[in-house]
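Student: Supplied in structure tokens, the structure appears directly below.
Nothing in this text is a laboratory measurement; each read-out follows from the coordinates by a stated rule. Values in this document were obtained by computation on a predicted structure and should not be read as measured data. Positions of Cβ are generated from backbone atoms using ideal geometry, with glycine treated the same way; all protein chains shown enter the neighbour counts.
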Amino acid sequence: MKHGFFITGTDTGIGKTHVSRLLLQALAACGLSTAAMKPVASGCQSTAQGLRNDDALQLQQTATIPLPYEQINPYAFAPAIAPHLAAQAAGIQIDIDLLVNGLATLSPQAEAIVVEGVGGWMVPLNEHQTTVDLAQKLGLPLILVVGIRLGCINHALLTLAAIQQDPNNPPLAGWVANGIDPAADANISVANIATLRQHIDAPLLGTLPYINSQDPNEKARPADTQVGLLDIDLLLSRG
């Protein structure tokens, strides 16, 4: 593995998968072989092959190296609830070391790996550990996805403070401003992004416009139409 990134966010539902897919496509466009992980996923659907998560399936389809689903998403849970609660309901405990070993298995296979976190930065994974512990053990540079909407400045700066307060956390390689509110005033969104740029001591890697993920036509297009909006050269220089 030459490059690896851990995608985190200010909240759930703010476009981590969308950004992960764009990043995978941008890395592939640079001539790099790519693999992806969604270590933990809630809200999975029951299929003949077992529980499947739509986000993990999108990552599986976008990466250049074909991998069994179980390698991409080792922990899959049906209830759309916090992963530690879903694991408790399933009678198991999420083992972070298993996930770290999973990344170690992937590392020799791909030149670039994208790992998508679950929810926000500090989501519990078991009784004693959160996604912070997972990110620390993986050691991959972080990309923070900020959903541009009312309240995003507070959410982003709180997340940034949590990342920066612990020297054991991986470095923040950059952040992405992702439009998630179709009713957002364009001028306010621009002002919010400008404010965040003043306060986040890491480069803005891209500003992505709103995409209606419920529209199957638009859902199929974003990785092709928006990939050029990410500053991949800047990112590779930092991770």
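Student: If the label point is 7 Å along Cα→Cβ of Asp231, which residues in segment 195-211 have backbone nitrogen under 11 Å from it?
Tutor: 202-207
Student: Kindly provide the helix-only [θ] at 222 nm of the chain, computed as the sum of -39,500 (n - 2.57) over DSSP H runs of four or more divided by all residues, to the nearest 500 deg cm²/dmol?
Tutor: One gets -11000 deg cm²/dmol as the mean residue ellipticity at 222 nm.
Student: Around Trp121, which amide H atoms from residues at least 5 apart in sequence, or from another chain, sit under 5 Å from its own amide H, with H modelled in the peptide plane?
Tutor: Correct list: Gly9.
Student: Which order do the peptides 197-205, 182-190, 153-161 come out in when sorted by mean C-beta neighbours inside 10 angstrom, highest first?
Tutor: Those peptides, ordered most packed to least, come out 153-161, 197-205, 182-190.
Student: Still on this model: Using only Cα atoms, locate the centre of segment 61-92 and the centre of segment 128-168, then give the distance between them in Å, rounded to an integer.
Tutor: Spelled out, the Cα-based centre of one part sits 21 Å from the other.
Student: In a shell of Cβ-Cβ distance under 14 Å around Asn168, excluding Asn168 itself, what net charge do Lys and Arg (+1) and Asp and Glu (-1) give?
Tutor: -1
Student: Could you pull the Rg and Dmax for segment 87-170, using just the Cα atoms, both in Å?
Tutor: Values for segment 87-170 (Cα only, Rg and Dmax): 14.4, 42 Å.
Student: How much net charge surrounds Asp133 when only other residues with a Cβ under 15 Å from its Cβ are counted (Lys, Arg +1; Asp, Glu -1)?
Tutor: With Lys, Arg at +1 and Asp, Glu at -1, the neighbours total -3.
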